[in-house]
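Written out below as structure tokens is the structure these notes cover.
The values are calculated or read from the model by the stated rules, or taken from the named source; none is laboratory data. All values reported here derive from a predicted model rather than from experimental measurement. Cβ sites come from the backbone with ideal geometry, for glycine too, and all protein chains shown count toward neighbours. To get the accessible areas, we keep the full protein, side chains included, count just its heavy atoms, and leave off ligands, DNA and RNA. Shrake-Rupley method; radii C 1.70, N 1.55, O 1.52, S 1.80 Å.
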Amino acid sequence: MAMTLEQAQRVGYTFLKALLRFAFMVANNLVAIPSYVLYLIVLQPLRLLDSESFWYIEGVMFKWLLAMVASWGWWAGYTVMEWGDDVKAVSEDEAVVLVNHQATGDVCTLMMCLQDKGTVVRQMMWLMDHIFKYTNFGIVSLIHGDFFIRQGKAHRDQQLVLLKEHLEKYYRSRNRKWIVLFPEGGFLRKRRETSQAFAKKNNLPFLQHVTLPRLGATQVILKTLVAPQENGTPAGGDAVIKESKSKGLQWVIDATIAYPKGEPIDIQTWILGYRQPTVTHVHYRIFPIKDVPAEPEALSQWLYQRFIEKEDLLSHFYETGAFPSLQGQTKAVSREMTLSNLWLVGIQSLAFLSGGMWYCILQYFYHCLF
């Protein structure tokens, strides 16, 4: 069937819009990321004199960089509706955030919906697949102190040791608050079949919308960052906690991301904006750390139960278009997450002005030297 003129115009408009958005994204990265690196190089003396102030400034710029990524989706009409517990109430406390993983757009969605959660974004640490180290954002995450984890049995034990060392070295020395990880260990489409086979073999529930989580990274985080109990018996903490004023991890935040019709957004869509405006839904549940078992077998069962509950939440969402109400509520309450366009434009303008400034400075030094 031949394409009508109207269809051809629509395709042409979508292609041109995607091309312009891609060009803007490239330009955005070329000015913002080098500027972030150069500012921090210049601020190295401050790092030696006042480390806390240095990492505060770094955190603010890190939040701005994530806001730029959020703006690519926001201006394409990709917004977020939030459900469940209000995580703003624990934004100043230490927490570990457990998120289901469907596509690369999950990270972008979190970058957007956490922007209005106080100081969370500038004080958070991400656990992500090591492949992200080699992306445009890799240098930023390396400087910020995120952890890149290699998947697979061959690397598992070594990676857990490295994770523990990383947390002890960077988490509290850089005043981190939230640590975000995807316990499933990969995208849903890649792990579902393996997870279902494991569930069948071990008499566990058959899951369609999530996969069974892996225990390793979560256990290391809890063992390393949970403060000693009041009776003096360690709940998994270490000397790093005793030497700081931190209360240790206080909460586990269970975040469930749902896309309309179960069709996740990937990073290409987020950048190019060729998909129609879409509302992504994020459901939060907050658990006190005291309710989370420390013993491996009990922790494993606790994690499995959380993801079984995620399965029920997602099944309900895909059937009704909404998450179920919390206990004690007669009707589920949702909150539309918003970003200020003026604020986003201001950050983008600062990035391009910084890029121009650093270009002029580097050009000056180049001509002086050569």
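Listing for the model above:
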read-out	value
Qualifying residue in the range 165-183 (condition: open to solvent by 40 Å² or more (accessible area, probe 1.4 Å) and either among the β-branched types (Val, Ile, Thr) or under 22 Å from residue 267 (Cβ atoms) (or both))	no
Within the range 1-47, considering residues that are among the polar types (S, T, N, Q) and over 23 Å from the mean Cα position of the chain (by Cα), the one surrounded by the most Cβ atoms within 10 Å (Cβ to Cβ)	14
Matching residues, the range 149-164, being assigned to a helix (DSSP H, G or I) and loosely packed, with under 13 Cβ neighbours inside 10 Å	153, 154, 157, 158, 161
Residue satisfying all of: in the range 121-137; at pLDDT 90 or above and either among the polar types (S, T, N, Q) or more than 14 Å from residue 186 (Cβ to Cβ) (or both); most open to solvent (accessible area, probe 1.4 Å) among these	122
Number of positions in the range 184-204 that are crowded, with 16+ Cβ neighbours inside 10 Å and not aliphatic (A, V, I, L, M)	8
Only one of 135, 109, 119 that is among the β-branched types (Val, Ile, Thr) and free of Cβ contacts under 8 Å to residues at least 12 places away in the same chain	135
Matching residues in the range 78-96 - criterion: being under 16 Å from residue 108 (Cβ atoms) and out of contact with any Lys or Arg (no Cβ under 9 Å at 6 or more places or on another chain)	79, 80
Residues of the range 48-64 that turn out to be assigned to a helix (DSSP H, G or I) and either exposed (fewer than 15 other Cβ atoms within 10 Å of the Cβ) or modelled with pLDDT under 95 (or both), as a count	6
Filter result (under 16 Å from the mean Cα position of the chain (by Cα) and not small (Gly, Ala, Ser)) within the range 144-170	144, 146, 147, 148, 149
Condition broken by residue 79, with the remaining ones in (1) buried (at least 22 other Cβ atoms within 10 Å of the Cβ); (2) not in a helix (DSSP H, G or I) satisfied	(1)
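A quick yes/no check of all residues on (1) aliphatic (A, V, I, L, M); (2) touching a helix residue (DSSP H, G or I) at 6+ places or on another chain (Cβ under 9 Å):
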site: 165; (1), (2): no, no
site: 169; (1), (2): no, yes
site: 176; (1), (2): no, yes
site: 181; (1), (2): yes, yes
site: 191; (1), (2): no, no
site: 197; (1), (2): yes, no
site: 207; (1), (2): yes, yes
site: 217; (1), (2): yes, yes
